[in-house]
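Following: one structure in structure tokens, then a few remarks.
What follows draws every value from the coordinates through simple rules; no lab data is involved. Fair warning: this is a prediction, and the values are worked out from it, not measured in the lab. Every residue, glycine among them, receives a Cβ derived from its backbone with ideal geometry; neighbour counts consider all protein chains shown.
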Amino acid sequence: MEEIKTGVYICHCGLNIAGTVNVEEVARYAGTLPNVVVARDYRYMCSDPGQALIKDDIKNLGLNRVVVASCSPRMHEPTFRRACQDAGLNPYLFEHANIREHCSWVHDDRQIATEKAKDLVRAAVRRVFYNEPLEIKERPLNPNVLVVGGGIAGIQAALDIANGEHRVYLVEKEPAIGGHMAQLDRTFPTLDCSECILTPKMTEVGQHPFITLLAYSEVEEVAGSVGNFKVRVKKKARYVDEEKCTGCGVCEEKCPWKVDSEYEVGMGKRGVVYVPFAQAIPHVATIDKERCVYFLKGKCRACEKFCDAKAIDFEQKDEIVELEVGSIILTTGYDVFDSRRIPQYGYGRYDNVLTGLEFERMTCAAGPTGGKVLLKDGRQPESVAIIHCVGSRDENYHEYCSRVCCMYALKYAHLIKENTQAEVYQMYIDMRCFGEGFEEFYRRVCDEGVNFIRGKVAKVTDVALTEGEQGKLAVIAEDTLLGGIIRVPVDMVILCPALEARFGAEDVAKLFTINRRADGFFMERHVKLDPVATATEGVYIAGCCEGPKDIPDTVAQASAAAAKALSVISRGRVVIEPTTAQVNEVLCQACGRCEEICDFHAPKVISKDGLRVSSVDAALCKGCGACAVVCPTGAMSVRHSTREQINGMVEALLEV
Amino acid sequence: MDVLSPYKEATDVILEAGGEPLKLCYQCGLCTGICPWNLVRSFLVRRIMHAAQLGAIDFGSEDIWTCVTCRACVQRCPRGVEIIDVMRALRRAVASMGIGVVPDALRISAKNIAGVGNPLGEAPEKRNDWAKDLKVKNFASGTEILYFPCCVPSYDPDVKTIARSTATIFNKLKIDYGLIGTEAKCCGESIRKAGHEDTFQSLAQNNINLFTSNGVKTVVVSSPHCYHTFKNEYPELGSKFEVIHTTQYLASLIEQGKLKLSKEINKKVIYSDPCYLGRHNSVYDEPRKVLQSIPGLELIEFPDAREEGLCCGGGGGRIWMDTPKGERFSDIRVEQAVAKGADIIALACPYCFLNYRDSVLSMGKAETMQVKDIAELVAEAI
């Protein structure tokens, strides 16, 4: 066996480490350890000169093992592995000891921290002794992309990729794409009509030769890994033949049953067979099976009788579509906080307490009131209060700021001023107007004569204390700037509810093996430096499924996620991490426990030369080690986390 | 012109006295908007928080002593600020450091509690006199339940009915219970909220030692204030016994079929949630269950019930202080009860009992509106 020659490098990280750990002492100590031929300390090991130290020592001293004791491997393990590789050393013969996050940052006592750093270095030196060179392999990838969720984020991502002439499958669970943006009236701060800017993009999706739109569909199963995902999609039966339906709307007209329209957030009705809205893409009808009288009672079929295109098909079945894609973009959007959870605000109890989305529909020219701001009894309001932070910035509901409410609240004030003579009161805690043109819009709305009252609303009540409150809703808060209770009598109250993680986000996260933050939204790989990637290679996120954001930010993120997917495609091949499980076929008893425990379906018991043994699909294996733990005979191990390597570290740590 | 400047030393005093939570306040004013004081007069909770943050607080102000610790603000505070802890810290700073004046009424009660173990200043050996003719045994090791009625029903002639009704019910059901000796002292809940931490510590230690040495495992209490401190504060000081409020105990007896209510009470009864049973300890259903088990009784609700229930005004040591006419929350409650057509206001707290009784009398409603503890109603219906 060749002689092991280890080089150890202790990083000061400026004062991040050197401020608490005596790095010179650790380096001196490292030099005394078995198989260590050189030990140095240096101010910034990740810098070019720092890396040059390693490279030069490999060349001049014939090092065949390298240990760097510095920060978390998350950031710089790849840096040092590359340095080793550049000098001709297999990158897996490098070992990283974390003496910053695990030591200097969490300790105050210099002496104890220094001792701990020595322990960590000793463990890494022992481990690297057992490290083995591993080969990095590559394989071809599938250039298709799956986009899940057809709101503005999904539409943008799909178009960016399809315009590069790569196949996109866009899956939307609702009958039509458009998402929440399709429900909005005008968009802040420019006040351009949401529909007018969204519809062309929706149409483009519908007609794009490189986009396969799977509306009214849901992803059921995902297997594989970056470059080679296999996805099962359920295309739900619409009971309407999409090929034949012209979207003429006669069926909906003739349907004798009317129910609340989801698109109009309950402020308008739709047929049980319906096209969700005028510009819907795909522009075809869908039968709401849960509420269709024919499905419930076996009689009716009025729609069928009147359909000239003969598109109604009560026999239609759900269909399973199998897709193969190389990367996945999740754009599954958000839900609106249920304002009933704060009963003090009277939503659901008082007629004229509305949510933001309801008000959006109201001011929309094509909406249920034809664009007029009206009270339930048809009058125009003389006064309106807009309550900010309903369920946002509130530990009882959602601690985070929903980021869009201040601005759309200003937009509402403007629209009310434009449409009515009403006094408008903004009931806010802090005005957060940070985007392009936002502050200017705030100024404009102030200039329009809107009242701003700083205080979180305690209660909305119809119990009048004065004549002025008779027949009105009193909005009660402390005006924190005046320092006194204020009661504002108004005709209409508009709530600005929080944006929250979608119902079922947990299941979606599980399906695509990504993480969620404590607030329920999908978690990015790095909050600052990798905001659209996830813990799973090849799965990206964009838009409000990642957290509340406005349309410009959503579109920017969608394009970023598309760029990530395009960069995978343009590379044309994927690297297979060699740190996967391996089977010692002599020891394997083919008991199958590895197969049972694995979340990624990597190990399978197969017949090989007439013998049954476990075999690991390296493309699926994430190297988590669960199989190695359950294996009763020790046949299963994970490369780069072998028993020798782990036990070596533990033994080294236990030596004093 | 007065120019304010931050006074860090004052902030430090408040933080040290337990006011840490105030650092989280982001000045939205929801607390002020919810605080019941603002139904009758201005009391700017938010401003006190901000003044405390900057050390710009006036320790001589009566605001220090105003909070009734009803928890309505804490329950909804968007930053989860334990506002009551901050108010208590301000009071501790005054009481222990002498940087302000403790109101007279409070000082007298505090002196009584520290001296004779009850706020009324009554003789300790008379603590169990209310039960003289009821044949209640003294608690001895092995007795199942200790009944602890609270100082007010033990001494106040008008409130004794709460303790006597409870004992009557227990006697009829042959429950194995007893009273602890006259060495028992006030639970200390309110005097602690009023800033007298040392007094509380000594009361608690006295009671814990007494209960422990007597082998007490389960205590039934009539006062939500005793309930709160026994349940949530005493364990930190080493107590191990279980505590049950009478309404909870009665509800469980009804559920088990041990307590059967047969006599009709054909009245409209409105129940007022005590803050320390409701918001502080989330006990809302049991008192209602007990009332609904009384035949003929029609239970109605205040406009603001349960989590929204209006305080009687007696928490946080306010029970010992005078609240001027026109500022009494219980007066508002009595008016609401009248408007709702109630015959009886049902209560589950001796402090509520005192305040509502005073309100009914001072408002001249004693003829038409009765004030009764749930135990009294049950004793009548048994």
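Brief remarks on what is shown
- When the P(r) of the range A:580-656 is calculated, the portion above 21 Å amounts to 27% of the C-alpha pairs.
- Size of the range B:8-97: Rg and Dmax of its alpha carbons, in Å, are 11.8, 34.
- Available extension along the chain between B:THR218 and B:ASP58 is 53.2 nm, counting 0.36 nm per residue and deducting the alpha carbon span.
- Among the lysines of the range A:330-463, pairs at least eight places apart or on separate chains and with Cα atoms under 22 Å apart come to 6.
- The equivalent ellipsoid of the range B:260-381 has semi-axes of 23, 17, 12 Å, largest first, where each one is the square root of 5 times an eigenvalue of the Cα gyration tensor.
- The simple spin-label model puts a point 7 Å past each Cα toward its Cβ; for A:ILE320 and A:ARG349 those points are separated by 5.0 nm.
- Protection proxy ranking, highest mean first, for peptides B:340-352, A:158-170: B:340-352, A:158-170, where packing is the per-residue count of other beta-carbon atoms within 10 Å, averaged.
- Per-pair calculated FRET efficiency, R0 = 22 Å: A:GLN589 and A:ARG643 via Cβ, rounded to 0.05: 0.80
- Acute angle (nearest 10 degrees) that the helix A:405-419 long axis makes with the longest principal axis of chain A, alpha-carbon atoms: 20
- Ellipticity at 222 nm from helices only: DSSP H runs of n ≥ 4 in chain A, each -39500 (n - 2.57), divided by the residue count, give -8500 deg cm²/dmol.
- The range A:499-544: C-alpha gyration tensor shape, a/c 1.5 cut-off, then a/b vs b/c: oblate
- Chain A: relative contact order in percent, alpha carbon pairs under 8 Å with at least 6 residues between: 13
- Long pairs among B:LYS137/B:LYS217; B:LYS174/B:LYS289; A:LYS235/A:LYS564, criterion Cα-Cα beyond 24 Å: A:LYS235/A:LYS564
- If you count Lys pairs in the range A:250-306 whose Cα atoms are under 15 Å apart, skipping same-chain pairs closer than 8 places in sequence, the total is 7.
- Helix A:194-207 and the longest principal axis of the Cα set of chain A meet at an angle near 60°.
- Shape summary of the range B:224-326, radius of gyration then Dmax from alpha carbon positions: 15.9, 46 Å.
- Other protein chain Cβ atoms within 10 Å, averaged over every residue that makes up B:21-32: 6
- DSSP beta bridges confined to chain A are antiparallel in about 50 percent of cases.
- Where only C-alpha atoms are counted, convex hull volume of the range A:64-139 per residue in Å³: 90
- Whole-Å distance, taken between Cα centres, linking the range B:184-222 and the range A:508-528: 49
- By the beta-carbon count within 10 Å of each Cβ, the least crowded to most crowded order of B:VAL360, A:VAL325, fewest first, is B:VAL360, A:VAL325.
- For chain B, fraction of C-alpha pairs farther apart than 28 Å, in %: 45
- Bridge orientation summary for the range A:335-500: considering DSSP beta bridges with both residues in this region, about 40 percent are antiparallel.
- Residues A:TYR425, A:TYR42, sorted so that the one with the fewest Cβ neighbours within 10 Å comes first: A:TYR42, A:TYR425
- Cα gyration tensor shape for the range A:335-500, rounded if a/c is under 1.5, else prolate or oblate: rounded
- Diffusion coefficient, µm² s⁻¹, Stokes-Einstein with Kirkwood Rh over alpha-carbon pairs of the range B:104-251 at 4 °C and 1.567 mPa s: 85
- Check: the range B:9-80 dipole with +1 on Lys, Arg Cβ and -1 on Asp, Glu Cβ, in debye: 500
- Per chain B, cysteines lacking a partner by the 4.7 Å Cβ criterion: B:CYS25, B:CYS28, B:CYS35, B:CYS67, B:CYS77, B:CYS150, B:CYS151, B:CYS186
- Sparse-neighbour loop sites [GluC sites (Glu not before Pro); the range A:294-332; at most 16 other C-beta within 10 Å; DSSP]: A:GLU315
- Between the Cα long axis of helix A:73-86 and the first principal axis of chain A there is an angle of about 50°, rounded to the nearest 10.
- Mean Cα-pair separation over length for the range B:104-251, i.e. relative contact order, pairs under 8 Å, 6 or more apart, %: 25
- When Rg and Dmax are taken over the Cα atoms of the range A:250-306, they come to 11.1, 32 Å.
- Peptide A:451-457 is shielded by partner chain Cβ atoms: per residue, an average of 4 of them sit within 10 Å of its Cβ.
- Set of aspartates and glutamates near A:LYS604 by C-alpha distance (under 18 Å), chain-local residues within fewer than 8 positions excluded: A:GLU585, A:GLU595, A:GLU596, A:ASP617
- Our helix-only sum for chain B, with -39,500 (n - 2.57) per DSSP H run of n ≥ 4 divided by its residues, gives a mean residue ellipticity at 222 nm of -11500 deg cm²/dmol.
- Neighbour counts of C-beta atoms inside 10 Å place B:CYS73, A:CYS624 in the sequence A:CYS624, B:CYS73, starting with the fewest.
- Compactness index (Cα Rg / 2.2 N^0.38 Å), the protein assembly as shown: 1.17
- The listed peptides B:257-267, B:51-61, ordered by packing as a protection proxy, come out as B:51-61, B:257-267 (highest mean of other Cβ atoms within 10 Å first).
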